Number of protein chains: 2
Amino acid sequence: MYIVISKDDKSRARRGRLITPHGTIETPVFMNVATCAAIKGGASAEDLREVKCQTMLSNTYHLHLRPGDDLIHRLGGLHKFTGWSGPILTDSGGFQVFSLASLRKIKEEGVYFSSHIDGKRIFMGPEESMRIQSHLGSTIAMAFDECIENPAEYHYTKRSCDRTTRWLLRCKEELKRLSGLDDTVNPQQMLFGINQGSTYEDLRINHMKQIRELDLDGYAIGGLAVGEETEEMYNTIDVVEPFMPEDKPRYLMGVGTPQNIVECVHRGIDFFDCVMPSRNARHGNLFTWNGKMNLLNEKYKEDLRPIDENCGCPACRNHSRAYIRHLIKAKEALGMRLAVLHNLYFYNELMQKIRDALDAGYYESFYQKYRVVLGERNPD
Amino acid sequence: MYIVISKDDKSRARRGRLITPHGTIETPVFMNVATCAAIKGGASAEDLREVKCQTMLSNTYHLHLRPGDDLIHRLGGLHKFTGWSGPILTDSGGFQVFSLASLRKIKEEGVYFSSHIDGKRIFMGPEESMRIQSHLGSTIAMAFDECIENPAEYHYTKRSCDRTTRWLLRCKEELKRLSGLDDTVNPQQMLFGINQGSTYEDLRINHMKQIRELDLDGYAIGGLAVGEETEEMYNTIDVVEPFMPEDKPRYLMGVGTPQNIVECVHRGIDFFDCVMPSRNARHGNLFTWNGKMNLLNEKYKEDLRPIDENCGCPACRNHSRAYIRHLIKAKEALGMRLAVLHNLYFYNELMQKIRDALDAGYYESFYQKYRVVLGERNPD
């Protein structure tokens with residue numbers, strides 16, 4: 001059940017709460033990506049609690065290939081497998097089939113493709129994706145869709161959207177069936193539908209109108225941050241958002257920088273996810289309340305300050321810039337780990353501050369300040 | 001100051017206590033190797049406390065090359081740099097100069113060699129090694145020696161031992177000088193000498209007789225576990241141990257398996273270190289109280305038990321064999337990290353159990369049981 005607690009009066013921003021069998025998600029929220037049932041860089045379920053994660057995101061495609069969703073099902077589902085007891089969202093596999101797999105063939109029934117691990121031929125359609133996600137027992141399952149790279153051809157996009165709608169209907173039916181089975185790990189699994197339509201305003205709106213009729217547990221905007229300009233992304237959200245149900249959570253998939261998040265909360269988005277915190281950490285790119293910094297920069301060589309004086313993460317509480325910089329340069333796993341923990345904490349804390357600002361009624365001034373600061377370079 | 005608390009009446013095993021400015025080390029002890037100022041696999045100073053580490057070991061050669069001991073000195077020494085406040089032992093660099101560096105030239109003054117990182121020409125002699133270790137501010141500095149691979153030629157070994165003794169004298173002099181300087185991080189830095197002599201009994205004994213005259217803070221046996229048979233190693237310890245001062249700690253460098261440790265405590269050794277816990281973890285080789293196991297074995301695929309039911313480490317408290325196996329196979333950093341934490345905890349716990357057995361007077365039965373069990377394959 002989703003409750004919109006309050007709405008900002010100067011923007012489309014909303015403060016909400018999704019109540020799930022695995023706990024309540026306070027929104028706006030950033031989900032922490034654990035593609036293969038673990039955060040890149042070595043963060044565990046305990047670490048996720050430490051960095052104030054609310055929701056973990058895992059991947060249907062990856063877990064289907066390795067270790068296999070049937071194995072995870074036999075072991076009691078993803079919660080038991082990973083030790084993370086809070087909400088889990090599973091991606092449908094759609095995006096990965098289109099971005100990672102090779103020799104892809106799209107048919108009405110689904111997609112034939114080759115595994116990126118061993119080249120094995122695999123078929124995945126709406127029913128398969130639902131079965132895998134039911135096996136995983138996630139809190140929220142995502143519908144199986146076709147994710148098209150931008151720019152995309154108009155007529156192809158239109159046909160693809162229609163197919164994605166038909167696939168969504170099949171997802172809904174199949175998940176209903178699976179929820180009734182005896183060995184279902186999570187019979188109350190929720191389903192979010194995904195809006196597509198590239199950057200074509202009419203297609204986006206039309207598709208959203210189609211899928212909102214299905215009364216799903218939530219609605220995602222997919223197919224953004226895949227090649228278009230940032231302004232086109234913002235524009236697409238502005239165009240489609242008024243057609244999203246007010247009383248359902250809204251999830252912008254795969255976005256983005258801290259700045260993107262502040263901008264998209266402003267535009268009415270409740271859920272986010274992105275690999276950016278861990279991917280950037282690997283290269284020493286860290287986020288702070290004074291803007292971005294690259295820790296590999298020579299000027300941090302003897303800097304005994306924490307990454308961010310105002311951060312309470314395990315890296316900032318215990319270690320200096322100089323030490324973490326040394327570790328990343330020496331390719332020590334600990335360097336990557338501390339950088340990832342910092343960035344994840346920063347994202348989760350950003351969402352907390354956004355929620356605080358919405359609760360206390362100063363979101364507009366928060367937005368005006370941080371939409372600028374978060375995009376700048378940390379001058380320290 | 002070293003205190004021998006008790007001696008076992010059926011073996012050479014000793015229970016002792018080394019009091020240092022950074023805390024007391026209860027012996028027998030296993031030191032946890034953090035070569036580049038971090039444990040391989042991503043364990044931090046906080047993790048070391050969690051896995052019950054007493055002493056961290058870092059490396060003079062590695063830290064001299066990167067990030068530079070002068071940098072660490074300016075930042076206040078290794079304790080401040082890493083966040084580890086307990087005792088730290090630094091290896092002298094001797095072993096690494098002989099095992100990692102290339103284009104080596106040994107002269108009376110020291111060794112000329114090329115860095116394994118960038119090929120840069122470097123000179124290190126006794127004074128340089130002491131200066132670096134003084135910069136690092138470790139609790140215990142190791143003397144700069146020549147470590148010869150086994151088997152070694154008799155006459156070369158004899159000449160090398162004599163040079164190592166001359167180098168040791170220079171180490172002692174230089175460390176004394178450094179301790180008096182104004183900007184010394186740890187003026188009470190201890191010095192351990194290293195016994196060499198390959199597997200030649202007369203050379204070992206003769207060399208030990210020479211160096212024990214110097215009244216150092218501790219004595220190490222070096223140049224073992226570098227090519228000889230295990231029985232030759234045990235024999236060498238049996239031969240040289242009676243000539244080691246009774247009232248000083250005895251450190252067997254770079255050893256070994258849990259079985260080796262039990263055998264060598266039995267032979268009178270107090271200090272150990274080895275990269276085995278982390279190196280083995282990387283390949284799924286784990287130590288348990290029922291013997292060794294390889295977690296990548298197919299039979300653990302759906303095993304929901306912890307690695308060891310009797311282990312209190314963070315991996316065993318929170319995660320299953322099936323999950324950690326999946327992570328290692330998927331090359332997720334978390335898999336390596338959990339495996340390393342388990343193995344380190346196991347080693348530290350092994351030493352705790354050895355100390356308990358010595359304290360309570362049942363070391364002989366402990367030894368008889370575990371010298372066998374620890375070498376076996378875990379039947380579970």
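Mind telling me which of the residues B:G93, B:G83, B:G110 ends up being within 14 Å of another protein chain (Cβ to nearest Cβ) and at positive phi?
Just one listed residue meets the conditions, B:G83.
Can you give me the number of residues within the stretch A:35-61 that are within 8 Å of chain B (Cβ to nearest Cβ) and either of a type in the set (V, I, T) or within 19 Å of the chain's Cα centre (by Cα) (or both)?
Of the residues in that region, 10 qualify.
I'd like to check which strands (runs of 3 or more DSSP E) are fully inside the stretch A:99-183 and have at least 1 residues that are without any contact (Cβ under 8 Å) to a residue 40 or more places away in the chain and not aliphatic (A, V, I, L, M).
Correct list: A:102-106, A:111-114, A:121-124.
Search the stretch A:219-244 for residues that are outside the structural domain of A:A143 (by TED's automatic domain parsing) and pair each with any residue that is surrounded by fewer than 15 Cβ atoms within 10 Å (Cβ to Cβ) and assigned to a helix (DSSP H, G or I) when their beta-carbon atoms are under 8 Å apart and the residues are at least 6 apart or on different chains.
none
Just to be sure before I move on: is A:T82 over 16 Å from A:R355 (Cβ atoms), surrounded by fewer than 22 Cβ atoms within 10 Å (Cβ to Cβ) and out of contact with any Cys (no Cβ under 9 Å at 6 or more places or on another chain) in the structure I sent?
no
Can you find, within the stretch A:298-353, the residue that is nearest to B:G335 (Cα to Cα) among those that are touching a residue at least 24 places away in the same chain (Cβ under 8 Å), assigned to a loop (DSSP other than H, G, I, E, B) and more than 8 Å from chain B (Cβ to nearest Cβ)?
Only one residue tops the list, namely A:C313.
Assess whether A:L181 counts as being at pLDDT 95 or above, among the hydrophobic types (A, V, I, L, M, F, W, C), within 30 Å of A:F81 (Cα to Cα) and out of contact with any strand residue (DSSP E or B) (no Cβ under 8 Å at 6 or more places or on another chain).
Here the answer is yes, as A:L181 does meet what is asked.
Could you pull out the residue among A:R204, A:R250, A:R279 that is within 16 Å of the chain's Cα centre (by Cα), surrounded by 18 or more Cβ atoms within 10 Å (Cβ to Cβ) and touching a residue at least 24 places away in the same chain (Cβ under 8 Å)?
A:R250
Name the residues in the stretch B:138-187 that are among the hydroxyl-bearing types (S, T, Y) and closer than 21 Å to B:E228 by Cβ, would you?
B:Y154, B:Y156, B:T157, B:S160, B:T164
With respect to B:D215, determine if the residue is among the acidic types (D, E), part of a loop (DSSP other than H, G, I, E, B) and under 22 Å from the mean Cα position of the chain (by Cα).
yes
Kindly indicate whether A:L71 is without any contact (Cβ under 8 Å) to a residue 40 or more places away in the chain, surrounded by fewer than 17 Cβ atoms within 10 Å (Cβ to Cβ) and within 11 Å of chain B (Cβ to nearest Cβ).
yes
Of the residues A:K172, A:K158, A:K120, only one is surrounded by fewer than 23 Cβ atoms within 10 Å (Cβ to Cβ) and out of contact with any strand residue (DSSP E or B) (no Cβ under 9 Å at 6 or more places or on another chain); which?
When all the criteria are applied, what remains is A:K158.
Provide a single number: the residues in the stretch B:295-323 that are surrounded by 15 or more Cβ atoms within 10 Å (Cβ to Cβ) and under 27 Å from the mean Cα position of the chain (by Cα).
Of the residues in that region, 8 qualify.
Test A:Y370 against the stated conditions and say whether it is more than 9 Å from chain B (Cβ to nearest Cβ), among the hydroxyl-bearing types (S, T, Y), part of a helix (DSSP H, G or I) and surrounded by fewer than 24 Cβ atoms within 10 Å (Cβ to Cβ).
When the stated conditions are applied, A:Y370 passes them.
Scanning for something under 28 Å from B:L327 (Cβ atoms) and assigned to a strand (DSSP E or B), does the stretch B:17-25 turn up at least one residue?
There is no residue in the stretch B:17-25 that is under 28 Å from B:L327 (Cβ atoms) and assigned to a strand (DSSP E or B).
Name the one entry in B:G41, B:G93 that is buried (at least 24 other Cβ atoms within 10 Å of the Cβ) and farther than 22 Å from B:F271 by Cα.
B:G41
A:D273 - would you say it is within 21 Å of A:E364 (Cα to Cα) and at pLDDT 95 or above?
no
On the basis of being among the small types (G, A, S), closer than 22 Å to A:M336 by Cα and within 13 Å of chain A (Cβ to nearest Cβ), does B:G77 make the cut?
The answer is no for B:G77.
Being among the aromatic types (F, W, Y) and part of a helix (DSSP H, G or I) is the filter here, so list the residues in the stretch B:218-248 that pass it.
B:Y234, B:F243 - these are the residues of the stretch B:218-248 that are among the aromatic types (F, W, Y) and part of a helix (DSSP H, G or I).
So for the stretch A:233-242 (the condition being of a type in the set (D, E, K, R), surrounded by fewer than 18 Cβ atoms within 10 Å (Cβ to Cβ) and within 14 Å of another protein chain (Cβ to nearest Cβ)), does at least one residue qualify?
No, the stretch A:233-242 contains no residue that is of a type in the set (D, E, K, R), surrounded by fewer than 18 Cβ atoms within 10 Å (Cβ to Cβ) and within 14 Å of another protein chain (Cβ to nearest Cβ).
Note down all Cβ pairs under 9 Å where the first residue falls in the stretch B:358-375 and is more than 21 Å from B:G291 (Cβ to Cβ), the second is surrounded by 15 or more Cβ atoms within 10 Å (Cβ to Cβ) and acidic (D, E), and they're at least six residues apart or on different chains.
What qualifies is B:L358/B:D8; B:G361/B:D8.
The values are calculated or read from the model by the stated rules, or taken from the named source; none is laboratory data. Source: prediction; values computed, not measured. Note that we place each Cβ from the backbone using ideal geometry, even for glycine, and neighbour counts take in every protein chain shown.
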